[in-house]
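To keep things clear, I will list the structure first and then write my remarks on it.
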Amino acid sequence: MLEEAFARLSSFLEKYNQIMRAKFPVTVHLLFFRNDQILLLRRFNTGYADGQYSVPAGHLDGDETVTAAAIREGEEETGVRIEPSDVLFSSVMHRKDGDERVDFFLRIHKWQGEPENTEPDKCDELHWANVNELPLNTIPYIRKALKNHLSNIQFDEFGW
């Protein structure tokens, strides 16, 4: 009898873990500021928001901290070197855009090197833009995250 109850409980927990637990991508977005300018990149040939501006960003690879992912993505997408102490929290956004995501927005306080387009197969332009006059074709959740940063809003939900 006890074995039967344990088997039912195990079955329930297995189904609960498969059905009820959220599993979705986690991304880091890097906010490079130069006075009132923000570094933007125009997406190209990625299959998502091509032709629109974003900030340098990417997925956590797994078994990687948010800070480590930011440092890696900064180097991969812009060629700059970033020290862990120069990665500062800006905000987090729980977002739904087709699929569900959690996005970390991180201000890069300092970096070594001049940002350049190191992924021309995914980006056709790097552009310093006035943060208060973003291009019309800036991805909407990026626009919202930048507004949140300027307003010191550290949590938001978008697309629900």
Practice task
For Arg101, work out the one condition from (1) under 14 Å from Leu30 (Cα atoms); (2) within 18 Å of the chain's Cα centre (by Cα) it doesn't fulfil.
Solution key: (1)
Exercise for the section: Considering each residue of region 118-129, count those that are assigned to a strand (DSSP E or B) and more than 23 Å from Asp86 (Cα to Cα), and give that number. Expected result: 3
Practice task
Sort through Glu119, Glu133, Glu114 and tell me the only one that's among the acidic types (Asp, Glu) and surrounded by 13 or more Cβ atoms within 10 Å (Cβ to Cβ).
Solution key: Glu119
Problem - Filter result (over 18 Å from the mean Cα position of the chain (by Cα) and within 18 Å of Leu106 (Cα to Cα)) within region 133-151 - result: Ser151
Exercise for the section: State yes or no: is Asn132 within 16 Å of Leu31 (Cβ to Cβ), in a loop (DSSP other than H, G, I, E, B) and not aromatic (Phe, Trp, Tyr)? Expected result: yes
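Listed here are the residues, each with its yes/no results for (1) in contact with a helix residue (DSSP H, G or I) (Cβ under 8 Å, 6 or more places away or on another chain); (2) under 16 Å from Asp36 (Cα atoms); (3) outside any strand (DSSP E or B); (4) not hydrophobic (A, V, I, L, M, F, W, C).
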| site | (1), (2), (3), (4) |
| --- | --- |
| Glu116 | yes, no, yes, yes |
| Leu136 | no, no, yes, no |
| Tyr141 | no, no, yes, yes |
| Lys147 | no, yes, yes, yes |
| Asn152 | no, yes, yes, yes |
Exercise for the section: For region 10-58, name all the residues that are assigned to a loop (DSSP other than H, G, I, E, B), of a type outside the set (Ser, Thr, Tyr) and at pLDDT 90 or above. Expected result: Pro25, Asn35, Asp36, Phe44, Asn45, Ala49, Asp50, Gly51, Gln52, Val55, Pro56
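The values are calculated or read from the model by the stated rules, or taken from the named source; none is laboratory data. As the structure is a prediction and not an experimental result, all values here were calculated from the model. Positions of Cβ are backbone-derived with ideal geometry, glycine not excepted, and every protein chain shown enters the neighbour counts.
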